Amino acid sequence: MFSIQEIKLGNFKAIRLVNENTQEYIEILTDFGAGINDLVVRNSEGNMASVIDGYRSENEIIHDHHTAYKGCKLSPYPNRIPDGKYEFEGKSYQLGINDLPTNNSLHALLHNRPFEIVGQSANEAGAMLKLRYVYKGTDLGYPFPYELLLTYTMDGSGVKFHTQIQNTGSETLPLGDGWHPYFQFEDLDQIDLEMGPAKRLSSNVGNTLSNEHGFEEESSLAGKALDDCFEVHENGEYQVFLRDQKQGIEIEICQESEVGRYKYFQIYTPPSRKSIAVEPVTCPPNAFNTGHGLIKLEPKQEVSMTFGIKYKLLNN
């Protein structure tokens with residue numbers, strides 16, 4: 001049996017989708033960026049283990065978010081737009097700058113907005129939460145209205161995150177989309193990473209750009225730093241695996257990798273070496289200027305994309 005629970009982090013509301021049989025749950029920060037704020041699963045010893053690095057208090061939300069962006073929805077573009085400037089269909093736009101040290105517009109507009117709950121249900125097979133945000137085109141540099149629907153589902157196989165976007169304006173709009181979950185561990189140097197074939201498009205830490213990334217076979221993250229963007233070679237479901245031998249848990253991040261969906265992903269290892277961000281995205285950084293992976297959504301047109309998180313014990 002599954003259930004839905006509401007909790008409060010100070011003044012911020014969050015919703016949990018709970019597997020009552022195992023007490024495992026996914027937590028969504030509905031009042032702040034629709035963020036993936038926690039995922040609690042059972043480890044190999046039968047204890048509950050939190051595998052998502054999210055916000056645990058109102059104070060953390062207020063004071064840490066502007067540098068961490070933990071778990072949040074990245075819309076209408078992921079990653080960075082240098083100087084916040086772009087051109088689209090013959091017009092120039094200036095976005096707000098929220099990353100002052102680099103003078104970038106970072107992770108777009110909705111990462112700290114409250115979302116409306118428009119549906120929820122739970123039964124023997126699973127639980128579902130549906131959120132909506134109606135963007136009216138009023139923010140600096142992005143005068144394109146659209147509606148965003150997010151559907152979170154949890155069942156015995158894991159968790160899925162479905163995004164649906166409709167252009168509600170009268171002009172074609174430029175669009176990118178993504179998510180920013182951090183997966184947490186005691187020590188990242190004890191974690192193994194494996195992922196399918198992909199091209200490393202960029203690296204902020206000097207890793208070699210090539211069609212091979214070095215994690216085609218399971219490999220330790222010990223001593224390795226990543227702040228890299230990758231493009232998936234083939235269409236279909238793409239998988240990234242994180243394996244924690246100490247907890248006895250395998251985490252699988254799976255994404256639809258067709259063009260116009262999550263054809264790209266970003267991986268970032270923070271200096272703390274306690275977590276790793278694996279970010280499914282529809283485009284690499286600065287797509288509003290380069291056009292690389294950019295979605296052009298016509299009036300009334302819709303687009304959708306899905307990614308998921310699965311988890312299992314390593315000895316199963």
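The values are calculated or read from the model by the stated rules, or taken from the named source; none is laboratory data. Keep in mind that what you see is a predicted model, and the values were worked out from it rather than measured. Reconstructed Cβ throughout: ideal geometry from the backbone, glycine too, with neighbour counts over all protein chains shown. Keep in mind that these areas ignore ligands, DNA and RNA; they rest on the heavy atoms of the full protein, side chains included. Shrake-Rupley method; radii C 1.70, N 1.55, O 1.52, S 1.80 Å.
So if the hydrodynamic radius of segment 43-118 is defined as the Kirkwood radius over C-alpha pairs, what does Stokes-Einstein give as its diffusion coefficient at 25 °C and 0.890 mPa s, in µm² per second?
Numbers: Rh = 14.9 Å.
The calculation lands on 165 µm²/s.
The C-alpha atoms of segment 166-257 occupy a region whose extents along the principal axes are 53, 28, 24 Å, arranged from largest to smallest.
Within the accessible area of the chain, the carbon and sulfur atoms contribute 45%, probe 1.4 Å, all protein chains present. The phi-based Karplus calculation (6.51 cos²θ - 1.76 cosθ + 1.60; θ = phi - 60°) puts the 3J(HN,Hα) values of segment 170-176 at 10, 10, 4, 10, x, 8, x Hz, whole numbers, x for Gly and Pro. Using the Cβ-Cβ distance between Lys246 and Lys310 with R0 set to 22 Å, the FRET efficiency works out to roughly 0.65.
The relative contact order of segment 148-294, computed from alpha carbon pairs under 8 Å that lie at least 6 residues apart in sequence, is 24 percent. For segment 68-194, a Kirkwood radius taken over Cα pairs fed into Stokes-Einstein (20 °C, viscosity 1.002 mPa s) yields D = 128 µm²/s. Estimate the FRET efficiency between Glu194 and Asp139 by the formula 1/(1 + (r/R0)^6), using the beta-carbon distance for r and 30 Å for R0, to the nearest 0.05. Working from the Cβ atoms, E equals 0.15.
Between Gln239 and Asp227, the contour length at 0.36 nm per residue exceeds the alpha carbon distance by 2.5 nm.
Evaluating 6.51 cos²θ - 1.76 cosθ + 1.60 at θ = phi - 60° for every residue in segment 90-103, the Karplus couplings come out as x, 10, 9, 10, 10, 7, x, 9, 10, 10, 5, x, 10, 6 Hz, glycine and proline recorded as x. Per residue, segment 46-100 exposes 45 Å² of accessible surface when a 1.4 Å probe is rolled over the protein heavy atoms with every protein chain present.
Panel values: the chain, Kirkwood radius from alpha carbon pairs, Stokes-Einstein at 4 °C and 1.567 mPa s, translational diffusion coefficient 65 µm²/s.
Given q = 0.09, 0.20 Å⁻¹, what are the Debye log10 I(q)/I(0) values for segment 192-312, with equal point scatterers placed on the Cα positions and solvent ignored? Evaluating at q = 0.09, 0.20 Å⁻¹ gives log10 I(q)/I(0) of -0.26, -1.18. Computed from the C-beta positions of Glu218 and Lys300 and an R0 of 45 Å, the FRET efficiency is 0.50 to the nearest 0.05. Mean-square fluctuations from a GNM of the chain, with a 10 angstrom spring cutoff on Cα atoms, peak among Leu201, Leu131, Leu140 at Leu140.
Can you tell me the accessible area per residue over segment 165-306, all protein chains present, probe 1.4 angstrom, in square angstrom? Please report the intermediate quantities before stating the final value.
Numbers: 5680 Å² over 142 residues.
On a per-residue basis, segment 165-306 sits at 40 Å².
How large is Rg over Rh for segment 83-132, taking Rg from the Cα atoms and Rh as the Kirkwood inverse mean of 1/r across Cα pairs?
On the way: Rg = 18.1 Å, Rh = 14.3 Å.
The Rg/Rh ratio comes out at 1.27.
I need to check one value: relative contact order of the chain, counting alpha carbon pairs closer than 8 Å and at least 6 residues apart, in percent. All intermediate terms of the calculation are to be shown ahead of the outcome.
On the way: 859 pairs, mean separation 53.5, N = 316.
Relative contact order, the chain: 17 percent.
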